[in-house]
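Trainee: Quick one: the structure is below, questions incoming.
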Amino acid sequence: MLRISNWAEEDRPREKLERLGAQALSNAELLAILIGSGSPRESAVDLMKRVLGDCNNNLNTLGKRSIHELTAYNGMGPAKAITILAACELGKRRQLEKAEEREDLGSATAIYNHMHPIMQDLDVEEAWVLLMNRNFKLIKRLRISHGGLSETAVDVRIIIKEALLNNATIIALCHNHPSNNPRPSTDDDRLTQKLKAAADIMRIHMADHVIITDGRYYSYREEGRM
């Protein structure tokens, strides 16, 4: 019986998951990743196929097995059995959890309320980009510069790359003014124009550039400058 390390790379569970995503793997392949190895007589995948077969290929039934029952299989020690039962328990708990609500950042006020706690005590400028889906729901926020804001400090290419990697269709730029004066500078204007032009080319909607101070903000969108 071939060990997983001797399989063609495209058939190995870890490599297959990295290439195609977890949904492309069978239950046995996913479980094989958890236990790592089988026995000299069978691979981890074949071992898990055998265990699942005895559970009528039902993960719920597998989760009801005891450590003692699982360790009866050749190649299945206590550590592997515990890993399997822990994974089954996590799956059960996930079903009980509500899906996390993504924050709606469809207005300058919402962006300010989201970022103000992060920026209110900063004594240097920081720039952040907010990546959103088509419904203005936050996917991810990223700090893209620290200590200054200019075309050289903020790499527009990185912002666009991150938006594409995270499947974001809307972005918003925000940064703070430690001086507490929310009015934009010439560098702020230049960067806003450059980022919007790049986003337009990639068909990404730039929702706003919000300048945040402690108690006030400036929105390019609300000022009719986008």
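The values are calculated or read from the model by the stated rules, or taken from the named source; none is laboratory data. Note that the structure is a prediction, hence the values are computed from the model and not measured. Cβ atoms come from the backbone with ideal geometry, glycine included; neighbour counts cover every protein chain shown.
Trainee: Tell me whether region 90-104 contains one or more residues that are under 30 Å from Gly38 (Cα atoms) and either of a type in the set (A, V, I, L, M, F, W, C) or surrounded by 15 or more Cβ atoms within 10 Å (Cβ to Cβ) (or both).
Mentor: yes
Trainee: Quick one: Pro78 ticks every box in (1) in contact with a Ser or Thr (Cβ under 8 Å, 6 or more places away or on another chain); (2) surrounded by 13 or more Cβ atoms within 10 Å (Cβ to Cβ) except a single one, so which number is it?
Mentor: Result: Pro78 passes all but (2).
Trainee: Considering region 143-174 alone, what residues qualify as being touching a strand residue (DSSP E or B) at 6+ places or on another chain (Cβ under 8 Å), modelled with pLDDT of 95 or more and either among the acidic types (Asp, Glu) or outside any loop (DSSP other than H, G, I, E, B) (or both)?
Mentor: Passing the criteria: Ile159, Glu162, Ala163, Ile170, Ile171, Ala172, Leu173, Cys174.
Trainee: Would you point out the residue of region 18-29, among those that are under 14 Å from Ala87 (Cβ atoms) and part of a helix (DSSP H, G or I), that is modelled with the lowest pLDDT?
Mentor: Across region 18-29, the extreme among qualifying residues is Ala22.
Trainee: A follow-up question, please. Any idea which residue in region 60-109 is farthest from Gly224 (Cα to Cα), counting only those that are of a type in the set (Gly, Ala, Ser), part of a loop (DSSP other than H, G, I, E, B) and under 21 Å from the mean Cα position of the chain (by Cα)?
Mentor: The extreme case among them is Ala99.
Trainee: So how many residues does region 177-226 have that are β-branched (Val, Ile, Thr) and outside any strand (DSSP E or B)?
Mentor: Of the residues in region 177-226, 5 are β-branched (Val, Ile, Thr) and outside any strand (DSSP E or B).
Trainee: OK, next. Given the criteria part of a loop (DSSP other than H, G, I, E, B) and buried (at least 18 other Cβ atoms within 10 Å of the Cβ), does Tyr112 qualify?
Mentor: Considered against the rule, which asks whether it is part of a loop (DSSP other than H, G, I, E, B) and buried (at least 18 other Cβ atoms within 10 Å of the Cβ), Tyr112 comes out as no.
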